[in-house]
Amino acid sequence: MTDLRQAVDDYLRLRRSLGHQMAEAAYLLPDFVSFMDHRGEQTVTVAAALDWMKTREPEVITTVSPRRITAVRGFARYLSGIDPATEVPPLGLVPYNRRRGQIFLYSDADIAAIMAAAEEAIPQPLRAVTYHTLIGLLAAAGLRIGEAIKLDRDDIDWTEAVLHIRESKFGKSRLVPLQDSATNALREYDQLREDLMPRPKDPAFFVSLTGKRLLYACVHPVFRDLVDTAGVGVDARTDLDCTSCDTPSPSGPCCTGIAPRPTSRRGSRRYRPTWDTANRPAPTGTCRQPRNCSPWPPLAATASGRRPAHDADRPHAPGVLHRTARPPAPG
């Protein structure tokens, strides 16, 4: 074992003892050390860090590029107290600017339409009721999609009508109270699941047709298909008063200098659904609806069961079940 490799092990052990998970650094730094060993170098320098990044990603700067430099920066700071010749990569060495999209707010009618689509469009009874109940729970309890998928049958206190969310974001756990309507809906699903899948392979509350826990990679496309089937976001087309584009587009105006591509599909869906209510102020992207205050099932917002249109300033169609990750720290 080289001195650098031993130093990486010591560094990761120290940071983890202070409460950091170091999941990304745990696989990036060993690769960096292998690169250094191949070059026959034992001193971390800015040039070596950049050469490593360019070797792994030779063509373009990706979202991983600044994270590579961030991992090396932390390791170099640790080494600088041992080896004075160590160079710490400065902040902003490999910047990556990622533009976050606008948040799409789901109304009561939107959620009700998507839940109805799950019952009507999915032919398998267990799968249909699973997605119907899952989407309703996300809306009524304000859970993250990962939290809902991770729920086990023992995590529901039927007597107190409380969900036990275990080791969620940042490893924190919490209790989420439910209204009686939400509790009854979960109890109905629990009974139906026992009838259709009496011996599931996992302790998960929401199960697939194989009796195992749902996977986000499977939930994601199903949710998108249900949104399409329900027609949610059809009125949320790009309609911006913008003259910054150099070339007119037959598809309509744009605000980035890139003409939108003609397509029958709607816009980006990278945003977690936010429970909408009447008289909600214009979205700012920073506020969240208080949790656990929505009835089950959602109530229609209009007599026709659908809002006339979404906010005119939201060009994007509905998003997925979670927010996009924050941009990585500048390299």
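The values are calculated or read from the model by the stated rules, or taken from the named source; none is laboratory data. Computed from a predicted structure; not experimentally measured. Ideal geometry is used to build each Cβ from the backbone, glycine not excepted, and the neighbour counts take in all protein chains shown.
Descriptive notes on the structure:
- Candidates G171, G92, G81, filtered to the one that is over 26 Å from V222 (Cβ atoms), in contact with a Gly (Cβ under 8 Å, 6 or more places away or on another chain) and surrounded by fewer than 17 Cβ atoms within 10 Å (Cβ to Cβ): G92
- Per this entry, L28 is counted among residues that are touching a Lys or Arg at 6+ places or on another chain (Cβ under 9 Å) and surrounded by 15 or more Cβ atoms within 10 Å (Cβ to Cβ).
- Residue count for the stretch 172-199, restricted to those that are farther than 19 Å from T130 by Cβ, touching a residue at least 40 places away in the same chain (Cβ under 8 Å) and either over 21 Å from the mean Cα position of the chain (by Cα) or part of a helix (DSSP H, G or I) (or both): 2
- Test: residue in the stretch 210-231 that is aliphatic (A, V, I, L, M), modelled with pLDDT of 90 or more and over 24 Å from A113 (Cβ atoms): yes
- Residue check, L105 touching a strand residue (DSSP E or B) at 6+ places or on another chain (Cβ under 6 Å), of a type outside the set (S, T, Y) and buried (at least 20 other Cβ atoms within 10 Å of the Cβ): yes
- Selection of the stretch 123-159 for residues being touching a residue at least 60 places away in the same chain (Cβ under 8 Å) and either among the hydrophobic types (A, V, I, L, M, F, W, C) or not assigned by TED's automatic domain parsing to the domain that holds D180 (or both) yields L126, V129, L134, I135, L138, A139, A140, A141, I145, I149.
- The listed residues are A48, A25, and the only one of them that is touching a residue at least 12 places away in the same chain (Cβ under 8 Å) and under 25 Å from F170 (Cβ atoms) turns out to be A25.
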